[in-house]
Amino acid sequence: MDIANPSDEHNMLRQMVRDFVSEYVEPQALEHDKKEIFNHQLFRQLGDLGLLGLTVSEDYGGASMDATAVTIVHEELSSSDPGFALAYLAHSLLFVNNLEFNGSAEQKERILPKVCSGEWIGAMAMSEPDTGTDVLGLTTSASKNNDGTWTLNGRKMWITNGCIDDHGTPADVVWVYARTGTDAKGRAQISTFLVENGMRGYSVGQKILDKTGMRASNTAELVFQDCIVPDTNLVGDAGDSMIHMMGNLEIERLGLAAMSLGIARRSLHEMNKYASERVAFGKEIRNFGQIQRYIGESWAKYRAMRAYIYDTANSLSLGETGQRLDSDGVKLFATTAAKEIADAAIQVMGGYGYVSEYVVERLWRDSKLLEIGGGTIESHQKNITRDLSKSPESITN
Ligand SMILES: Cc1cc2nc3c(=O)[nH]c(=O)nc-3n(C[C@H](O)[C@H](O)[C@H](O)COP(=O)(O)OP(=O)(O)OC[C@H]3O[C@@H](n4cnc5c(N)ncnc54)[C@H](O)[C@@H]3O)c2cc1C
């Protein structure tokens, strides 16, 4: 069995995305990175292909596919344009998949068809200016009003798709985590609100410019100032969001690992090609031992990433929790491996590797974000060590 294409359906999906990438994504990738702009129009085309609601039930306009399909799409998009792939991840996993598995029937009926088609662009807002890894320290608050509505106050930072253009237009809909109380042990009670463009008090604070990489995705600060949200936009019960927050982080981390795989594959492809084309001292540079070390080690790392990522994808159940050991494990291993492979590609390609036309410098810049976003590599080390103390049998099973 091909672990990365376990069924005909997966194979067809990969081929379809690969064709789309070579025809439409690759030609625009360099320009959008340079200009630091999100390709909104191209993004909508993903809706026509059925990719924006990949994990959503067909009743709501989705494709009802699994975690392996998620991995395939992220790998393929990222092999060409990781910034565009990050915007896709923020929409399709952080917003759409979260709503599919945690929203009410009414919320799903009303919102999922719009986000599956690409009519609306979604985002997820967890991080804040003063809180990232320490998520329970978030200070954005929501309090219930006498008329049943909620008032949100606070700022969210680093939100992918938080704005959709350079004119301050916020995401059409954003999944916002807010504090609605404190439990008996003094821990924050976290609740989720669906905030829609046009709701009073919801705006873009700033588009964050001059990022190292992922420049083809928009990153924004969002402001909620006395923002009024109807009770129908509360997801689940007040205070019970930790469980779906943790569950959705698992598929997010797999998606980010898959993006790393796309970067690694492309970097390896570029360095391998160049090593045959470039001649020095009368020989193709692939004949030199030090170049062989870069290519050989990159190949082995790439194959190890691919095996671990697809092994995890093939057994990850969407909408469930408790799979963190490997969702953190693949992200911990693959993000750093991708950065190292992109770095090796630049080294093999010498001066050419250092300029944008040859792609790998962009992949190298983009790869760094994957060690930070969706949980830093230090948080994965912490989680894995904690989980292995609870289930040491995972090592020997
Ligand atoms: C381009 C981009 C896009 C993003 N998109 C989104 C998005 O769509 N939605 C969203 O909610 N967030 C998003 N983020 C935020 C991202 O998830 C956070 O940056 C990340 O979780 C880290 O938080 P922080 O930046 O506050 O760093 P901090 O949490 O302050 O960490 C700083 C350093 O301290 C370390 N550290 C912290 N706690 C510990 C500990 N207990 N043990 C050891 N080390 C520790 C960290 O690992 C890190 O090295 C995005 C970020 C970027 C840059």
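Just so it is clear, none of the values below were taken in a lab; they were calculated from the coordinates. Please read all numbers here as calculations on a predicted model, not as lab measurements. Glycine gets a Cβ as well: all are built from the backbone with ideal geometry, and neighbour counts include every protein chain shown.
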Original post:
For the chain, with the dipole built from +1 on Lys and Arg beta-carbon atoms and -1 on Asp and Glu ones, taken about the Cα centre, which of Gln381, Ala280, Gly118 lies farthest toward the positive end?
Top reply: Ala280
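Just how large is the dipole of segment 243-396 about the Cα centre, in debye to the nearest 20, putting +1 at every Lys and Arg Cβ and -1 at every Asp and Glu Cβ?
Working: 20 positive and 19 negative charges, 73 e Å.
That gives a dipole near 360 debye.
Contact order normalised by length for the chain, with contacts defined as Cα pairs under 8 Å and 6 or more residues apart; what percent is it? Present the calculation step by step, with values, prior to reporting the outcome.
Details: 773 pairs, mean separation 67.7, N = 397.
Over the chain, the number comes to 17 percent.
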Original post:
Hey, how many Å between the Cα centroid of segment 66-125 and the Cα centroid of segment 308-358?
Top reply: 20
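What is the magnitude of the charge dipole of segment 72-193 about its Cα centre, with +1 placed on the Cβ of each Lys and Arg, -1 on the Cβ of each Asp and Glu, and no other charges, expressed in debye to the nearest 20? It would help to have the intermediate numbers written out before the result.
Numbers: 9 positive and 15 negative charges, 118 e Å.
Approximately 560 debye in magnitude.
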Original post:
What is the magnitude of the charge dipole of segment 1-139 about its Cα centre, with +1 placed on the Cβ of each Lys and Arg, -1 on the Cβ of each Asp and Glu, and no other charges, expressed in debye to the nearest 20?
Top reply: 260
Original post:
Which distance in Å, rounded to a whole number, links the C-alpha centroids of segment 221-257 and segment 37-55?
Top reply: 22
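Ile164: net charge of surrounding residues, Cβ under 13 Å, Lys/Arg +1, Asp/Glu -1, itself excluded? Walk me through the numbers on the way to the answer.
Working: positive: Arg44, Lys207; negative: Glu119, Asp165, Asp166, Asp172.
So the environment of Ile164 carries a net charge of -2.
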Original post:
Ordered by packing density, taken as the mean number of other Cβ atoms within 10 Å over each peptide's residues, highest first, how do 238-246, 369-377 rank?
Top reply: 369-377, 238-246
**OP:** Output the peptides 161-174, 102-115, 6-19 sorted from most to least packed, where packing is the average of other Cβ atoms within 10 Å over each peptide's residues.
**Re:** 161-174, 102-115, 6-19
Subject >> Helix-only mean residue ellipticity at 222 nm for the chain, each DSSP H run of n ≥ 4 adding -39500 (n - 2.57), per residue, nearest 500 >> reply: -16000 deg cm²/dmol
Original post:
Quick one: helix 377-390 against the long Cα principal axis of the chain, what's the angle to the nearest 10°, folded into 0 to 90?
Top reply: 70
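Sorting Arg362, Arg215, Arg306 on the 10 Å Cβ count, fewest up front, what's the list?
Working: Arg362 26, Arg215 22, Arg306 19.
Sorted ascending by nearby Cβ count, the order is Arg306, Arg215, Arg362.
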Original post:
Going by alpha carbons, how many degrees (0 to 90, nearest 10) lie between the helix axis of 324-353 and the longest principal axis of the chain?
Top reply: 40
Subject >> Under-5 Å amide H pairs with Trp150, H placed in peptide plane, nonlocal only >> reply: Asn145, Val229, Asp231
Original post:
By how many degrees, between 0 and 90 and to the nearest 10, does the Cα long axis of helix 105-117 differ from the longest principal axis of the chain?
Top reply: 30
Original post:
Which order do peptides 37-43, 129-135 fall in by mean Cβ count within 10 Å, highest first?
Top reply: 37-43, 129-135
